[in-house]
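K.L.:
Please read through the structure below; I'll follow up with questions.
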Amino acid sequence: MTRFNAWNVFKNGFTGQKSWDRQWRDPVPKKEYDIIIVGGGLHGLATAYYLAKNHNKKNIAVLEKGWIGGGNAGRNTTIVRSNYMMPGNHEFYEHSLKLWEDLSHDLNYNVMFSQRAHVSLFHSPGARDGAARRYNIMRLHGTDAEIWDLDTLKKNIPHLNYDDARFPIMGAAVQRRAGNARHDSAVWGFARAADSLGVDILQNCEVTGVKRSQNNIESLETSRGTLKAKKIGFAVAGHTSVLWQMAGLGNLPIESHKLQAFVTESIKPLLDHVVVYGVGGAHFYISQSDKGSMVFGGDLDWYKSYAQRGNLPIVQDCAEAAMAIMPCLGRIRLLRHWAGVMDMSMDGSFFICKTPLSNLYLNAGWNYGGFKASPASGWYFADLIANEQPHKHIQNHNLERFEKGINIDERGAGPDPKLHG
Amino acid sequence: MIRIKCPYCGERDHSEFTYGGDASIKYPALDAPASEWTKAIFFRENIRGMQKETWHHTNGCRLWLEVERSTITHEIKSVKACHPQIEKITKNKS
């Protein structure tokens, strides 16, 4: 694979930039692999990459039922942050943010990570105190966090509704190192880097059946033939339950819900932060893409669903929230909106863990936060698969935590998946 | 928009309702072991297809309903009141 650097761009200039290699191969599936990761989204690709890079594993395949990055990797609002406070979560997400900071160099692929700051507005003294508590916990763990008063906020983001908002803006809790990245670039970067380390990326390869013995999986039936592997990882968040039941493993602490995202027509630079608004039941987050579109999202659709299409009440809710904090968007036109199917877990936290089967490993339950988590998800999942031992940061992110009473419930919302937004 | 035919109020937008969850859960006896309670409270079949689920007509008659709905197409097959006694009343009404 040709590396991306100034010299190679210059050299390829002589041939109109048409001499670049394929970014990743389209290999014929082998009959047997050492490790198979099911799911060619960001988490699956990142896992394969770190297995090859950090643990020197060879003979790895990633199976993707459609095309890589065509699932939830392409259906998110690309926000990256690490403002978590529960033990396990803050170490995990901080590690992820650190990986993002160096990801473009590491992958030799520009993932367009932009640390434009994540600005979470508050509208009451109670909300301010809550934010201060959370952000102080972050500071105590070495993550950057600050509280902006109204003047600082006005100076940094002048276009919010400071005049006549129903819930007047009082200030914001801010993580400056947070921001967003380009989702396609992250997918392609991980795919290209994994492929260059010898990982077979098998697209249009849907798992249609799981053949197992008492204690392990013997082979996977796929649309491209029967594949065997010594170790198998599931990274198919959104549809984890479907695959889990295909393997005859019963129920999971997960419900599949859908979350919508919206993109408007392109406009001139308006907003160079990620702004989050949450008050009176509303939940809204917005940023501006490099192409100039406003990208935003809100709450879940509130009922369980595997349909990748959103409902209209949520479109209205998001439009109302947009008008509440940025009335200047009133006449902007929506270009696209879509819904992604997510694993909503019973406590709002993820699973990277071993399973009842000896050669099966689980990566699931990403709730709202799959995109920002993807590098660390791959990093820790690869570590688990290679070393057979969960890293101490994710030692409680398993399926047994509910029975043990050590739920990792960041919002304190209880065992109702739709509430962990 | 999903339209739910409430047995008391008639057909209404789903935005009048609050989603409950899986209606097939059977809670174990109070003195059952923790593992059984864990299964009932935290573990779900998460069906991809027709499933029984509960909805609360929050902004209507406030009945809890048991709805059979496809989680792929959102098509609704049947709606009835959760409580059998109330079902009798709603039947008389129609």
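The values are calculated or read from the model by the stated rules, or taken from the named source; none is laboratory data. Quick caveat: nothing in here was measured; it's all calculated off a predicted structure. Positions of Cβ are backbone-derived with ideal geometry, glycine not excepted, and every protein chain shown enters the neighbour counts. Side chains are part of the model used for accessible areas, which takes the heavy atoms of the whole protein and leaves out ligands, DNA and RNA. Shrake-Rupley method; radii C 1.70, N 1.55, O 1.52, S 1.80 Å.
K.L.:
Could you check segment A:242-308 for strands (runs of 3 or more DSSP E) lying wholly inside it with 2 or more residues that are crowded, with 20+ Cβ neighbours inside 10 Å and not hydrophobic (A, V, I, L, M, F, W, C)?
P.N.:
A:254-266, A:284-288, A:293-304
K.L.:
Still on this model: Having 1 or more residues that are out of contact with any Ser or Thr (no Cβ under 9 Å at 6 or more places or on another chain), surrounded by fewer than 24 Cβ atoms within 10 Å (Cβ to Cβ) and aromatic (Phe, Trp, Tyr) is the bar; report the strands (runs of 3 or more DSSP E) wholly within segment A:320-421 that clear it.
P.N.:
Numbers: elements: A:334-345, A:351-354, A:360-364.
Correct list: A:334-345.
K.L.:
May I ask you to list the residues in segment B:1-15 that are in a strand (DSSP E or B), more than 11 Å from chain A (Cβ to nearest Cβ) and surrounded by 15 or more Cβ atoms within 10 Å (Cβ to Cβ)?
P.N.:
Listed by number, the residues that qualify are B:Cys6, B:Arg12.
K.L.:
Still on this structure, I have one more. In segment A:182-233, what residues are among the aromatic types (Phe, Trp, Tyr) and either in contact with a Pro (Cβ under 6 Å, 6 or more places away or on another chain) or open to solvent by less than 70 Å² (accessible area, probe 1.4 Å) (or both)?
P.N.:
Once the filter is applied, which keeps residues that are among the aromatic types (Phe, Trp, Tyr) and either in contact with a Pro (Cβ under 6 Å, 6 or more places away or on another chain) or open to solvent by less than 70 Å² (accessible area, probe 1.4 Å) (or both), segment A:182-233 yields only A:Phe190.
Matching residues to (1) out of contact with any Pro (no Cβ under 7 Å at 6 or more places or on another chain); (2) at pLDDT 95 or above; (3) part of a helix (DSSP H, G or I):
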{"residue": "A:Leu103", "(1), (2), (3)": "no, yes, yes"}
{"residue": "A:Leu121", "(1), (2), (3)": "yes, yes, no"}
{"residue": "A:Gly142", "(1), (2), (3)": "yes, no, no"}
{"residue": "A:Leu160", "(1), (2), (3)": "yes, yes, no"}
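K.L.:
Does A:Tyr50 satisfy the criteria of being in contact (Cβ under 8 Å) with a residue 12 or more places away in the chain, surrounded by 14 or more Cβ atoms within 10 Å (Cβ to Cβ) and under 21 Å from the mean Cα position of the chain (by Cα)?
P.N.:
yes
K.L.:
Under 30 Å from A:Phe234 (Cβ atoms), of a type in the set (Lys, Arg) and outside any helix (DSSP H, G or I) - does that describe any residue in segment A:6-20?
P.N.:
no
K.L.:
Which one is farthest from A:Leu419 (Cα to Cα), of the residues in segment B:8-27 that are in contact (Cβ under 8 Å) with a residue 24 or more places away in the chain and touching a Lys or Arg at 6+ places or on another chain (Cβ under 6 Å)?
P.N.:
B:Ser24
K.L.:
If B:Ala40 satisfies every condition in (1) surrounded by fewer than 18 Cβ atoms within 10 Å (Cβ to Cβ); (2) out of contact with any Phe, Trp or Tyr (no Cβ under 8 Å at 6 or more places or on another chain); (3) within 14 Å of another protein chain (Cβ to nearest Cβ); (4) not polar (S, T, N, Q) but one, which is the exception?
P.N.:
Single failed check for B:Ala40: (2).
K.L.:
Given the condition of a type in the set (Asp, Glu) and farther than 24 Å from A:Val210 by Cβ, answer yes or no: does some residue in segment A:343-365 qualify?
P.N.:
Let us first name the residues in segment A:343-365 that are of a type in the set (Asp, Glu), namely A:343, A:347.
Of the ones still in play, those that are also farther than 24 Å from A:Val210 by Cβ are A:347.
Yes, some residue in segment A:343-365 is of a type in the set (Asp, Glu) and farther than 24 Å from A:Val210 by Cβ.
K.L.:
Moving to a separate point now. For A:Trp338, all conditions in the list (1) in contact (Cβ under 8 Å) with a residue 40 or more places away in the chain; (2) touching a Pro at 6+ places or on another chain (Cβ under 8 Å) hold save one; what is the number of the exception?
P.N.:
With (1) in contact (Cβ under 8 Å) with a residue 40 or more places away in the chain; (2) touching a Pro at 6+ places or on another chain (Cβ under 8 Å) applied to A:Trp338, the lone miss is (2).
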